Amino acid sequence: MILLQTLSTDSLSAMDSLSMNAQNESIGLLDLLIKGGYMMIPLYLLFILAIFIFVERLMTLKKASKTPAYLLDQVKVLVSSGQVEKAKMLCADEKSPVANMIAKGVDRIGSPLKNIEVSIENVGKIEIYKLEKNLNLLATVSGAAPMIGFLGTVAGMIQAFIAIAQEEGMVSPKLLSEGIYEAMITTAAGLVVGILAYLGYNYLVTQVSKLVHRMEYATIEFIELLQEK
């Protein structure tokens, strides 16, 4: 009985020591990122660039979408009553793509309807270009980050095998495993940056599409107003 208790105590002590050693040998996230090597630097820069573009575009799109629902109705009333100048001032007070397009149409009242449509479409193209600014760059980040990660992995693997080739005698499994996992860090980091940039890009493209639809709807309603006049 005493022997069993002694063996049990010894096994528990051994398990505790192994657990403590495992905890001491565990590697934190920051240590992993540092062990990724110099190829992690461009990935850090791409990650910062992606975050900056996403936040900047998100704020721009939110600001651009804040067009009062009553704006077009008020413009209709003012134009129908002949108060064109007040309609211009009303549109000028609202800094949004929809307001800019309507303001251009109001400014062209008196010209042929076809000319008014062309003027509004030209303003719409400029506004869409402003909304889509830097989105292509974000898409580039989503594609370039995984490729840079793979390149870092290949470079790390080459260095690991060079180190193994220079070893004399039996190659330590620890040396081999450390070289491989350090090389794989850049792939994981590149995939993370690429996925985040890709999701952010698609979200922003969806928001731009919704805003463009609102711009088209406002244009159609304004042209119908001029046709009825």
For the range 67-132, report the accessible area per residue in Å² (1.4 Å probe, heavy atoms, rounded to an integer). 56
Taking the Cβ of Gln74 as the centre, find all other residues whose Cβ is under 15 Å away and add up their charges (Lys, Arg: +1; Asp, Glu: -1). -2
List, in the order given, every pair from Lys88/Lys130; Lys114/Lys210; Lys63/Lys133; Lys95/Lys130 whose Cα-Cα distance in the structure shown is over 19 Å. Lys88/Lys130; Lys114/Lys210
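Using 0.36 nm per residue, how much length does the chain from Ala165 to Phe52 gain when fully extended, once their Cα-Cα distance is taken away? Don't jump to the answer; show the numbers that get you there.
Working: separation 113, 0.36 × 113 = 40.68 nm, distance 4.33 nm.
Full-extension gain reported as 36.3 nm.
Compare the peptides 110-118, 37-45 by average per-residue count of other Cβ atoms within 10 angstrom and give them in order, highest first. Working shown, then result.
Working: 110-118: 12.2, 37-45: 16.4.
The most tightly packed comes first, giving 37-45, 110-118.
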Burial ranking of peptide ranges 138-148, 78-88 (average Cβ count within 10 Å, highest at the top): 138-148, 78-88
All other residues with a Cβ under 12 Å from the Cβ of Asn100 taken together, and with Lys, Arg as +1 and Asp, Glu as -1, what is their net charge? +1
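The values are calculated or read from the model by the stated rules, or taken from the named source; none is laboratory data. Keep in mind that this is a model prediction, so the values were computed, not measured. Here Cβ is always computed from backbone atoms with ideal geometry, including for glycine, and neighbour counts include all displayed protein chains. Quick note on the areas: whole protein, heavy atoms, side chains included, nothing else; ligands and nucleic acids left out. Shrake-Rupley method; radii C 1.70, N 1.55, O 1.52, S 1.80 Å.
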